[in-house]
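Have a look at the structure below before the remarks.
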Amino acid sequence: MSRPAAAFFDVDDTLIAVKSVFRFLAFHLRLRGRPDAEYAAVRERVRRAGESGTRSAALAEYFRAFEGSGEAELAGHGRAWFDAELRGGRLFHQPVLDRLRAHAAAGEAVVLVSGSFPPCLDPIAEHVGADVVLCSRPEVRDGRYTGSIATPMIGAAKAAAVLECAAALGLDLAACSAYGDHVSDLPLLDLVGRPVVVGADPALVAHAADRGWPALAGVAG
């Protein structure tokens, strides 16, 4: 791949207007015939893990819900979930999707950088024509999820992955763009010459104001 620059996009609440991990979990459990209470219980465990630890701890708790699930089964559920969301007509956050298409039309590489995971992200990446997906990777053994996380993609991990990606593609980060909606995206946004804030996260907006970064409207509540 030889491109003049790249545009890096956070996904949940940036490129798309939903939190993919939870929407997918609810969809997956319904396909398995599980009661709504099971979804509520997982969400509560994830919430508690995040409150008592970090976003990475919350993500690790989330992946415990998939222990024993087949990788191929989850990939299939992910495509079915994406198709259902797309039919609903409100999956993508249009201002950011428009920017993505403009970057692609200008010949720039499109890179998704997300704490979400392949069942959610692979169909999104295919739909928007993304060149690279940098994301959280659950641990898989013998084709099944172990319930552990192999690669979390949150905060500083996003920046590290983008640095590796830029080196592999020969990118000048000063010529690249990045889009994020949460203060945890700051390590990523600080790397590029053209950062764009999406939404109204107070800490992120304050940081952006100090640096004169442009902003886009956030996802409607």
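The values are calculated or read from the model by the stated rules, or taken from the named source; none is laboratory data. Not measured: the values here are computed from a predicted model. Please note: Cβ atoms are built from the backbone with ideal geometry, for glycine as well, and neighbour counts cover all protein chains shown. Just the protein is used for accessible areas: all its heavy atoms, side chains included, with ligands, DNA and RNA removed. Shrake-Rupley method; radii C 1.70, N 1.55, O 1.52, S 1.80 Å.
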Which residue fluctuates the most in the chain, going by a Gaussian network model with Cα springs under 10 Å, if the choices are A109, A166, A206? A206
Between helix 71-88 and the chain, what is the angle of the helix's C-alpha long axis to the longest principal axis, kept within 0 to 90° and rounded to the nearest 10? 70 degrees
Sorted largest first, the Cα spans of the range 97-190 on the principal axes come out in Å as 41, 27, 26
Report the far tail of the P(r) of the range 126-175, meaning the percent of Cα-Cα pairs longer than 17 Å. 52 percent
Relative contact order of the chain, please, whole-number percent, based on alpha carbon pairs below 8 angstrom and at least 6 residues apart. 25 percent
Which of P152, P202, P118 moves most in a GNM of the chain, Cα contacts under 10 Å? P202
For the range 54-198, what proportion of DSSP beta bridges, expressed in % and rounded to the nearest 5, is antiparallel? 40 percent
Build a GNM of the chain with springs between Cα atoms under 10 Å: which of C135, C120, C165 gets the top mean-square fluctuation? C165
Tell me the relative contact order for the range 86-163 as a rounded percent, counting alpha carbon contacts under 8 Å between residues six or more apart. 24 percent
Suppose the chain between R48 and D36 were pulled fully straight at 0.36 nm per residue; how much longer would it get relative to their current alpha carbon spacing? 2.4 nm
For the range 147-212, report the % of Cα-Cα distances exceeding 20 Å. 31 percent
When all alpha-carbon pairs of the chain are counted, what percent fall beyond 22 Å? 50 percent
With the 1.4 Å probe rolled over protein heavy atoms, the range 149-221 has an accessible area per residue in Å² of 44 Å²
Within the accessible area of the range 60-147 (1.4 Å probe), percent carbon and sulfur: 44 percent
Counting only the heavy atoms of the protein chains, how much of I149 is accessible to a 1.4 Å probe, in Å² to the nearest 10? 50 Å²
Pulled fully out, how much extra length does the chain show between A57 and R211, if you take 0.36 nm times their separation in residues and subtract their Cα-Cα distance? 52.4 nm
Run the simple label-point estimate for D142 and V183 please: 7 Å along Cα→C-beta, distance reported in nm. 4.5 nm
Helix 202-211 versus the longest principal axis of the chain: what is the Cα-based angle in degrees, 0 to 90, to the nearest 10? 20 degrees
Send over the Kirkwood Rh of the range 1-86, from the inverse of the averaged 1/r over different Cα pairs, rounded to one decimal Å. 14.6 Å
